[in-house]
Amino acid sequence: MAAVTGDDDADGREDGRPEDGGREDAQRGDGGREDEVRGARRIPGPRAAVDDFDLDAVPLPPPVPPTGPRPENPRPTPRPTTPEPESAVAPPDPPGSPAPSDPPAAPALVLPHRVLKALLGAWALAACSTEETEAVEAHLTECAACADEALRLRDAVGLLQTDHSLDLDPTLRSRVIDTCLSRRPAKIPVPDWAAPYDAETARLDALLRDIGSSEWHAPLRLRWFEGETEVSRKTTVAGVIGHLMTVDGLIATALGLDVPLGDGTTGRGDGWPLPPAARTEKYWSTARRPPTRTIHEPWRGQSHTLIRTVSFAGRGVAELSVSYGDFALPMHDALLDRAFECWVHGGDIAGAVDYPYEAPSAAHLHRMVDLAARLIPAALAQRRRSGLAGPARRLVTAGSPGRSLHLEIEGTGGGDWYIPLDSPAAVGSAAHAVAQVALDGVEFCRLVAGHVPPVEAAAGQEGDREAIRDVLFAAASLSRL
């Protein structure tokens, strides 16, 4: 005998369910629950844009029949005896029956290869929907080309999230060129004596490319010494570049090249003065309006032309005389002088716009110090003729030793120089040194540029005080606008 559970009514039916309904449930069995699941509401996944699909190759999904909402707390009701239409919602299972299984998961999103490839950028930025992400990642396991592209895009996204400064290293250009030349030497390399000018113009060019338009009008003061007095001139960042370009024109004139003029044209510069200060004043006065960032390209183009010209000219151009009006320098010293001024004014610009700027390399700084040490005797003789320095103590002939000052440069670019005190033609030597001055390399260059007062420059002094003073002021007198 079968056991009976629950309350039975008089007809032997359980829970008041009609007898024919029980038979129908028995006949339906599991098939009844499957009909109920199939009739439940299903939420389809997100679809891509219609333009991304080939409508002839991808069939549209079948429509879902409309269904009514399922009650939250169903109550058992008698099942009608009339047959139900196939589209009707099946009634809930009686209490105590096992819970229906979850509806089947939505099918994976199927996209063409070209659509998946177009989604790689959004996938790398984590901007895809869940279905698109699953489709892309499934595709990456099958397509090697897209997998490589996805890795490159992810690496690029990592670069966008860096915490480091995005400012370029000012020495990057020089390091890249050095690396390239070490692998395949240039057919026509830049002469060794022109390398400092090439490096300093490249560093200043990197600074100028990194500043904003408004910073070209940032005010700054150019400082130098005249006699024993410090003087200055107020200008802007663009005005400094105009000054550098105008004085570089002395090199271009010596090479027979056209130079940029103040009215925006180029020419031979006939009638322009040779001294750098007067030449700069003429350029500023000739310009139609105050210089702006548009001066960057003419200055940059002229510096490249100078480097290219001396590289193709051969060895003889190194001794070509470049006139500065009151004096002249051979081409190799003139380009070194321009490299020195480019570095000094690059530091002035960096200070005005709050930009980091380093000193030249040790080898280039050593050459700049050597040029200044070789120019001090002539500057000292000029100051004597003007009555600004003490008289010579001894009469010496050309090439003979006389009194000298031991200039000891410490740190980067350092070395020892012996400055003749009695005649520019004399030879300085350690045996006839009457004084010694010790200076840091960068500090000595700032003294020569007129950025440090002579009385505050020397870190160490020993010996003849008058000789020390004369040499320090002669070094400061090398500065100019």
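Where a number appears in this text, it was derived from the coordinates with a stated rule and is not lab data. Here the structure is a predicted model, which is why all the values come from computation and not from measurement. When we count neighbours, we look across all protein chains shown, and the Cβ atoms used for this are built from the backbone with ideal geometry, even at glycine.
Explain nothing, just the number: dipole magnitude of the stretch 186-358 about its Cα centre with +1 on each Lys and Arg Cβ and -1 on each Asp and Glu Cβ, in debye rounded to the nearest 20.
My answer is approximately 560 debye.
Between Val259 and residues 5 or more places away or on another chain, which pairs have amide H atoms under 5 Å apart, with H built 1.01 Å from N, and which residues are they?
Amide H to amide H, under 5 Å and 5 or more residues apart or across chains, Val259 pairs with Gly267, Arg268, Gly269.
Which ³J(HN,Hα) values, rounded to whole Hz and listed in residue order, are derived for the stretch 465-481 from phi using the Karplus coefficients 6.51, -1.76 and 1.60 in 6.51 cos²θ - 1.76 cosθ + 1.60 with θ = phi - 60°, glycine and proline given as x?
Residue by residue, the stretch 465-481 yields 5, 5, 5, 5, 4, 4, 5, 5, 6, 5, 5, 5, 6, 5, 6, 7, 5 Hz.
Which order do the peptides 173-185, 384-396, 347-359, 236-248 come out in when sorted by mean C-beta neighbours inside 10 angstrom, highest first?
Highest-to-lowest ranking by the protection proxy: 236-248, 347-359, 384-396, 173-185.
Given contacts defined as C-alpha pairs under 8 Å and at least six residues apart, what's the relative contact order of the stretch 322-429, whole-number percent?
Numbers: 122 pairs, mean separation 24.3, N = 108.
After rounding, I find 22 percent.
Rounded if a/c is under 1.5, else prolate if a/b is larger than b/c, else oblate: which is the stretch 113-160, with a ≥ b ≥ c the root eigenvalues of its Cα gyration tensor?
oblate
Compute, for the stretch 363-481, the length of the dipole vector about the Cα centre, with Cβ point charges of +1 (Lys, Arg) and -1 (Asp, Glu) only. Units Debye, rounded to 20.
Details: 12 positive and 12 negative charges, 120 e Å.
Roughly 580 debye for the stretch 363-481.
Does the stretch 363-481 classify as rounded, prolate or oblate by the C-alpha gyration tensor (a ≥ b ≥ c root eigenvalues; a/c under 1.5 gives rounded; else a/b over b/c gives prolate, otherwise oblate)?
On the way: a/c = 1.55, a/b = 1.31, b/c = 1.18.
It comes out prolate by the Cα gyration axes.
What residue among Ala392, Val455, Ala438 has its Cα farthest toward the positive end of the dipole of the stretch 363-481, where the charges are +1 on Lys, Arg and -1 on Asp, Glu, each on the Cβ?
Ala392
Of Ile251, Pro298, Pro275, which is farthest along the charge dipole of the stretch 186-358 in the positive direction, counting Lys and Arg as +1 and Asp and Glu as -1 at C-beta?
Farthest along the dipole direction, towards plus: Pro298.
Which whole-number percent is the relative contact order of the stretch 363-481 (Cα, under 8 Å, 6+ apart)? The partial results should precede the final answer.
Values: 237 pairs, mean separation 32.6, N = 119.
Once normalised by length, the contact order is 27 percent.
Quick one: dipole size for the stretch 115-215, taken about the Cα centre, charges +1 on Lys/Arg Cβ and -1 on Asp/Glu Cβ, in debye to the nearest 20. Numbers along the way, then the final one.
Numbers: 10 positive and 18 negative charges, 120 e Å.
Roughly 580 debye for the stretch 115-215.
When ranked by the protection proxy of mean other Cβ atoms within 10 Å per residue, highest first, what sequence do the peptides 461-473, 261-273 form? Working shown, then result.
On the way: 461-473: 18.7, 261-273: 13.4.
Output ranking for 461-473, 261-273: 461-473, 261-273.
Ranking request for peptides 321-333, 407-419: highest mean number of other beta-carbon atoms within 10 Å first, then the rest in descending order. Before the final figure, lay out each step's value.
Working: 321-333: 16.1, 407-419: 18.2.
Peptide ranking by packing, descending: 407-419, 321-333.
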